[in-house]
Amino acid sequence: MSGKPRLHYVNARGRMEPIRWLLAAAGVEFEEAFLETKDDLKKLQTNGDLLFQQVPMVEIDGMKMVQTRAILSYIAGKYNLYGKDLKERALIDMYVEGLADLNELITSNFFQPADKKEEHLATVMDKATTRYFPVYEKVRGHGQDFLVGNKLSRADVQLLEIILLVEESKPDILAKFPLLQSFKAKTSNIPNIKKFLQPGSQRKLPIQEKDIPRLMQIFH
Amino acid sequence: MSGKPRLVYINGRGRMEPIRWLLAAAGVEFEEKFVETKEQLEKLVKDGDLLFHQLPMVEIDGMKMVQTRAILSYIAGKYNLYGKDLKERALIDMYVEGITDLMQMVMMLPFSPAEAKAKNLASIEEKATKRYFPVFEKVLKQHGQDFLVGNRFSWADVQLLEVILAVEEKIPAVLSGFPQLQAFKTKMSNVPTIKKFLQPGSARKPPPDDNYVATVMSIFNLN
């Protein structure tokens, strides 16, 4: 046992990606055990390794943690990326939950029927630019480098992750958000994050259409 | 301004109910402002009161908090219902998230199309009795304590009781294979703040009916 956290998931972004981002931003090295077949998942289930029979699961500090939000909260708390008090944590939580909603909207696009995909994506991009990004652009008006408390937190990491994700679908999405553009540039240059953004890191590639049947087969 | 938290939502359970439960369990009195029309919601958005243009919203300690989980975490932290350290918090978070997944299914049930209702109800029963309740039955059996985490009342206990009662409303015999949960339900229901919340006339909202569904659909433009 190396003592490093061990991530159990498929070899794809999915629900594990925000966890990879946060560990990387915290400078924590981690291992990954990829599920490749349905049997791999069944084995974890029958071994009693998955509290609610689901992945993601992260072995960390003697626990087999499940539930993405629980895992992210634990990592953020442990590595001081959760603000300095309850009120800062409340702000971080609000920002992070908004980003999680946007993330769900984006990833749900993959599961739309082919003839609805384009229209759905347009709706998602509209929400990104009218509901979500304006909030963070306005927060950035405080002129500090980080969203909350003038210190790096999980909110900054998650915002960068979502910005990059949305840009993959619409490269000019930040055209009207100059403060988010500078946020993206600055945050991408934080050493741990810069390293994670380089090829060869544990960051996963965007999901390809051709991978979907294989991944669906593991879970259904 | 009374200093009490002020809950802004529809007059029904929906996504606000877990917040009502947690405040009540913590012994915190609160006020409610009910949104009854689309126009009222639009005004809140226009006035800049809703960070992501959505409800629930809770005015608390000078903040206009949104996002159910953020609100619940804040209340749990403030009123010492979140365990004594990071590891207990991790356990509470895991339990609460699992319960929330089940609760979500119950919450969405009234909005299912008529032809899918029976199937969705069966799905709730299956998940409750095969995936979620066995976990908590085992936790309680293994440590033999009254509360789920750290031998102390926490957010996880409140949320587990809430979901047990919500599922029982639809499937009355759902706890028949779970003696620990039956005992848990009795004990938690008798915690004074919770007992008070379970009595008629409290802020607890009734199960969703057709009227509630119609109100939600019209306010949130879901037609």
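The values are calculated or read from the model by the stated rules, or taken from the named source; none is laboratory data. Predicted, not measured: the structure shown is a model, and the values here were computed from it. Backbone-built Cβ (ideal geometry, glycine too); neighbour counts: all protein chains shown. Note: areas computed on protein heavy atoms with side chains; ligands, DNA, RNA excluded. Shrake-Rupley method; radii C 1.70, N 1.55, O 1.52, S 1.80 Å.
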> Failed condition for A:Leu50, given (1) open to solvent by less than 30 Å² (accessible area, probe 1.4 Å); (2) within 19 Å of A:Val28 (Cβ to Cβ), with all others met?
Replying inline: (2)
>> When you check B:Leu148 against the structure, is it open to solvent by less than 10 Å² (accessible area, probe 1.4 Å), closer than 20 Å to B:Arg69 by Cβ and outside any helix (DSSP H, G or I), yes or no?
In response: yes
> Can you name the condition, by its number, that A:Leu174 falls short on among (1) under 18 Å from the mean Cα position of the chain (by Cα); (2) of a type in the set (A, V, I, L, M); (3) in a loop (DSSP other than H, G, I, E, B); (4) modelled with pLDDT of 95 or more?
Replying inline: (1)
> Only one residue in A:Val55, A:Val66, A:Val96 is more than 7 Å from chain B (Cβ to nearest Cβ), closer than 23 Å to B:Ile99 by Cβ, open to solvent by less than 40 Å² (accessible area, probe 1.4 Å) and more than 14 Å from the chain's Cα centre (by Cα). Which one?
Replying inline: A:Val55
>> Suppose the filter is more than 10 Å from chain B (Cβ to nearest Cβ), more than 24 Å from B:Tyr132 (Cβ to Cβ) and charged (D, E, K, R); does A:Lys84 pass it?
In response: yes
> In region A:69-81, what count of residues is obtained for those that are more than 7 Å from chain B (Cβ to nearest Cβ) and either surrounded by fewer than 18 Cβ atoms within 10 Å (Cβ to Cβ) or over 15 Å from the mean Cα position of the chain (by Cα) (or both)?
Replying inline: 2
> Considering B:Lys196, B:Lys141, B:Lys185, which residue is modelled with pLDDT of 95 or more and either among the hydroxyl-bearing types (Ser, Thr, Tyr) or exposed (fewer than 14 other Cβ atoms within 10 Å of the Cβ) (or both)?
Replying inline: B:Lys141
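Residues checked against (1) closer than 27 Å to B:Ile164 by Cα; (2) among the basic types (Lys, Arg):
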position: B:Leu44; (1), (2): no, no
position: B:Met57; (1), (2): yes, no
position: B:Gly62; (1), (2): no, no
position: B:Thr68; (1), (2): yes, no
position: B:Ile71; (1), (2): yes, no
position: B:Tyr79; (1), (2): yes, no
position: B:Tyr82; (1), (2): yes, no
position: B:Arg89; (1), (2): yes, yes
position: B:Met94; (1), (2): yes, no
> For B:Ala173, which of the numbered conditions (1) surrounded by 18 or more Cβ atoms within 10 Å (Cβ to Cβ); (2) over 18 Å from B:Leu81 (Cα atoms) fails to hold?
Replying inline: (1)
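To keep it simple, each residue is scored yes or no on (1) of a type in the set (A, V, I, L, M); (2) free of Cβ contacts under 8 Å to residues at least 12 places away in the same chain; (3) under 20 Å from A:Leu23 (Cβ atoms).
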residue	(1), (2), (3)
A:Ser153	no, no, yes
A:Leu165	yes, no, yes
A:Gly200	no, yes, yes
A:Arg214	no, yes, no
>> Looking at A:Lys204, A:Lys138 in this structure, which one is surrounded by fewer than 20 Cβ atoms within 10 Å (Cβ to Cβ) and part of a helix (DSSP H, G or I)?
In response: A:Lys138
>> For region A:155-181, give me each residue that is open to solvent by 60 Å² or more (accessible area, probe 1.4 Å) and touching a helix residue (DSSP H, G or I) at 6+ places or on another chain (Cβ under 6 Å).
In response: A:Lys170, A:Leu179
>> One residue is enough: does region A:135-151 have a residue meeting the conditions more than 14 Å from chain B (Cβ to nearest Cβ), within 30 Å of B:Asp61 (Cβ to Cβ) and touching a His at 6+ places or on another chain (Cβ under 9 Å)?
In response: yes
